[in-house]
Amino acid sequence: SNRGVVITITGKYFQDAKLVAVRLAIEAGNHYLQIVSISETSIKALVPPNPLNTESLQAEVQVSNNGIDFSTDGPSIRYVSTPVVSSITPSVFPTAGGLSVIIKMVNTVLIEDTLVMVKFGDAVTNCSILAQDTISCVVPPNLPGNIDISASIDGGTDFHETDIKGTYVEPYSVLSVT
């Protein structure tokens, strides 16, 4: 989620004290986690979204009972950031294309120079960033029917699948009026 995920760290001799700290050791420095609960054998901590906003990141989980001396033999977690389309409005498009749509995304923070592309079925289009989690693009032409929608934040090198679908329909046409 955008807030992160709660992990459970299992071990021995954790102290239920204000000095207990949990951090992620990453290349750019340490990132301290918010502790949700502590017992003698487990700690629940909130792991935020990828702090470096990179495509992937390996981080060692380290624990301290005094806030100074941290474990160095703990397990690691791996962030894998794949942008996912969470909604599209509208989701029905004319076969001729040309309709502007608003797309919400999760698992990524879009910054000004991110090259975002969306694939409508097999047709790819460039997008404009409206906010950290919102883009706008013009739907390309396509044949009628349901299509998969996927997104790329690296200029189209990697597209990430989603459960969100769109539907292309023929435009209405009036044949006669009596």
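The values are calculated or read from the model by the stated rules, or taken from the named source; none is laboratory data. What you are looking at is a predicted structure, and each value in this text was computed from that prediction instead of being measured. Cβ sites come from the backbone with ideal geometry, for glycine too, and all protein chains shown count toward neighbours. Ligands, DNA and RNA are stripped out before the accessible areas are found, and what is left, the full protein with its side chains, is counted by its heavy atoms. Shrake-Rupley method; radii C 1.70, N 1.55, O 1.52, S 1.80 Å.
From Ser42, Ser56, grab the single residue that is of a type in the set (S, T, N, Q) and either open to solvent by less than 40 Å² (accessible area, probe 1.4 Å) or at pLDDT 70 or above (or both). Break it down stepwise before answering.
Values: Ser56 fails: either open to solvent by less than 40 Å² (accessible area, probe 1.4 Å) or at pLDDT 70 or above (or both).
After applying the criteria, what remains is Ser42.
Look at region 22-39 and say how many of its residues are under 21 Å from the mean Cα position of the chain (by Cα) and open to solvent by less than 40 Å² (accessible area, probe 1.4 Å).
Adding up the residues that qualify gives 3.
What is the residue count in region 59-83 for residues that are modelled with pLDDT under 80, within 23 Å of Leu110 (Cβ to Cβ) and open to solvent by less than 60 Å² (accessible area, probe 1.4 Å)?
4
Given the criteria of a type outside the set (D, E, K, R) and either closer than 14 Å to Lys165 by Cα or touching a Lys or Arg at 6+ places or on another chain (Cβ under 7 Å) (or both), does Pro141 qualify?
Working: of a type outside the set (D, E, K, R): yes; either closer than 14 Å to Lys165 by Cα or touching a Lys or Arg at 6+ places or on another chain (Cβ under 7 Å) (or both): no.
For Pro141, the condition - of a type outside the set (D, E, K, R) and either closer than 14 Å to Lys165 by Cα or touching a Lys or Arg at 6+ places or on another chain (Cβ under 7 Å) (or both) - is not met.
Would you point out the residue of region 124-138, among those that are aliphatic (A, V, I, L, M) and either touching a Ser or Thr at 6+ places or on another chain (Cβ under 7 Å) or without any contact (Cβ under 8 Å) to a residue 24 or more places away in the chain (or both), that is least open to solvent (accessible area, probe 1.4 Å)?
Filtering region 124-138 for residues aliphatic (A, V, I, L, M) gives 124, 129-131, 135, 138.
With either touching a Ser or Thr at 6+ places or on another chain (Cβ under 7 Å) or without any contact (Cβ under 8 Å) to a residue 24 or more places away in the chain (or both) added as a condition, the list becomes 129-131, 135, 138.
Details: Ile129: 53, Leu130: 100, Ala131: 43, Ile135: 0, Val138: 74 Å².
Result: Ile135.
I need the full set of residues from region 114-123 which are under 14 Å from Val85 (Cβ atoms) and in a strand (DSSP E or B), in order please.
Met117, Val118, Lys119, Phe120
Return only the number of the condition from (1) of a type in the set (A, V, I, L, M, F, W, C); (2) open to solvent by less than 80 Å² (accessible area, probe 1.4 Å); (3) modelled with pLDDT of 85 or more that Leu19 does not satisfy.
Against the list (1) of a type in the set (A, V, I, L, M, F, W, C); (2) open to solvent by less than 80 Å² (accessible area, probe 1.4 Å); (3) modelled with pLDDT of 85 or more, Leu19 comes up short only on (2).
Being assigned to a strand (DSSP E or B) and free of Cβ contacts under 8 Å to residues at least 60 places away in the same chain is the filter here, so list the residues in region 139-178 that pass it. Walk me through how you get there before you give the answer.
The initial filter retains those residues of region 139-178 that are assigned to a strand (DSSP E or B), namely 145-152, 154, 160, 165-169.
Residues satisfying the conditions are Gly145, Asn146, Ile147, Asp148.
In region 86-100, which residues are among the hydrophobic types (A, V, I, L, M, F, W, C) and under 12 Å from Tyr168 (Cβ atoms)? Show your work before the answer.
So the first thing to find is which residues in region 86-100 are among the hydrophobic types (A, V, I, L, M, F, W, C), and the list is 88, 92-93, 96, 99.
Matches in region 86-100: Val92, Phe93, Ala96, Leu99.
If Val92 satisfies all but one of (1) open to solvent by less than 60 Å² (accessible area, probe 1.4 Å); (2) over 30 Å from Ala45 (Cβ atoms); (3) in contact (Cβ under 8 Å) with a residue 40 or more places away in the chain, what's the number of the condition it fails?
Unmet condition: (1).
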